[in-house]
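Derivation of every value follows stated rules applied to the coordinates shown; laboratory data play no part. Note that the structure is predicted; figures quoted are calculated from it, not measured. Here Cβ is always computed from backbone atoms with ideal geometry, including for glycine, and neighbour counts include all displayed protein chains.
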Amino acid sequence: MLHSGIHFKQKGQSLLWVLGFLATMAVTFAGVYSVGQTTSEKQKIVNAADAAAYTGAMVEVRALNLTAYANRADIANEVFLAQMVSMQSWVDYMKTSAGNWKLVAEALSWIPGVAAVASALEAIESGLSTAADVMKDATMPAAIFAVEGYYTVMDNALKTVFGTTGSLNMAFATQSAADAVLAANVATQGGKLDSAPVAINTIALGAINAMEWKKAFHRYDSSTGGDAGSASDDGRRNARDILVNSRDEFSSERKGPNGLFALFFGNLKVGGCPLPEFGVSRDGPTQLKKYERWEAQDTTEYYLTSGAKCKKSSIPMGWGRSTAANEEDAGDMKTEPHASAGELAYYEVKKNAKWTGVKAFWDVSRDSNDYPVAAFKPGEETLTFTVAVAKRKAEIRNNEHSSLNFMNTPNTTSRLGSADAKADYMNDQISAKSEAKVFFSRPAKNNQDFTGTRLFREDDHKEIASLYNPYWQVRLKNVETNPLNMSTKDLAKITAIYGTNLPLAPFSQ
């Protein structure tokens, strides 16, 4: 009986120990659960911030690539106009050549078969005359109207992206895209979902992103002088160079054929001073003069030089000339011998008005050496887009929101510790900051992406950033303390308004 009593008391002591252990385990489990939930929410917010930054930067990248396509399209239109001016000059040249050769054929009509040639040349001259009239009265005005119309539409559209309010428009567009991504970052399970993270400090970061966008790009026109003290004489110099170098052979220099046909439409000479020299001179340049006028001229003439001073006598056989400018302008005239083919072309020139010259283009800002600003130098290409994301403490599911709420109960009975295990959130929120890098990079031969093989440069050179090629890309970057590497002056302006906690300030829209 005594043994049984002792055994009964031992069982009661064990129950107390078990109950205490289970209580301790419950508290430990609640703490682990709370930490796990907080860690999971933090990772989700970081992922959401990265997705939002990447998406916002993609809006900028697409705008830059579309601008490059728009600029290239305008260059193509201007090249087309140069071709039309060249064609008009060449048609007139062929018309006068056919007419003069017809006169020669008529003078030699006593030779069998030459009369038929004269008749054919007459038909050719008539057809070319009609073509020349159509080009002057319809084709050229329509071409100039189309080129100028496209540029007006394009320029007005690009002003909304890069102009006075362009940086604000871009800031709103990028933030809207980032907000849409954040709204979609919601976990679902069994028909239930959690709350989405939201962007914070949108006004401050929007201002920073807008300032970076505005500084990165510039409109180059006739008054810029190449931007910021550039040595170039006109801000449109790069556009002019691209335009001139984009022409084909016909719209740059129409040379005559070789061989037998050189006697009629080529360059040929026999002899040389001081002995008599006989030759055929064919010339057909198309030139862009002072950014404001296209000049195309085609001539062929026979010449004979004689005497110690190589005095030249010429017989013009074909000539044509065309210009395009804002006003009807015959253009410049070189000093030519009297009644030369060049002189005849000058006085019979077809003058086309309402072309406003090389257009102003948006491009990356350049330094005094006409080199992209530091933000776009090879190896350092960067235009950073920054977002800050947060979720309120009250929207995070952890033990503080359980019905027991014991994690929020402070211990006031002991000086050695507390059972209060609630999470401590800075500013009562979980937040994260993410930055994406917008950069320019043309695929290179050492790139493993086989899809870009047709885009490789033959010279393997690194191509500097511009808004003429659509090679703008985006990637995430390491977050920096100084948002976007702003200047101390600009950063001071922002922090003076929004405080030193940027961009992890208290929750704000």
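For the reader, a short list of remarks on this structure follows.
- The order of the peptides 301-313, 239-251 by mean Cβ neighbours within 10 Å, most packed first, is 239-251, 301-313.
- Scattering curve values for the stretch 50-102, log₁₀ I(q)/I(0), Debye with Cα scatterers, q = 0.21, 0.26, 0.29 Å⁻¹: -0.79, -0.91, -0.97
- Neighbourhood charge, 9 Å Cβ-Cβ cut-off, centred on GLN297 and excluding it, Lys, Arg +1 and Asp, Glu -1: -2
- Extension gain from ALA120 to HIS461, taking 0.36 nm per residue of separation minus the Cα-Cα distance: 117.4 nm
- Sorting the segments 149-161, 81-93 by their residues' average number of neighbouring beta-carbon atoms within 10 angstrom, most packed first, yields 81-93, 149-161.
- Across LYS159/LYS350; LYS136/LYS312; LYS214/LYS462; LYS102/LYS290, pairs whose alpha-carbon gap is larger than 29 Å: LYS159/LYS350; LYS136/LYS312; LYS102/LYS290
- When the GluC sites (Glu not before Pro) in the stretch 97-186 are filtered for DSSP coil states and for at most 14 other beta-carbon atoms within 10 Å of their beta-carbon, no site remains.
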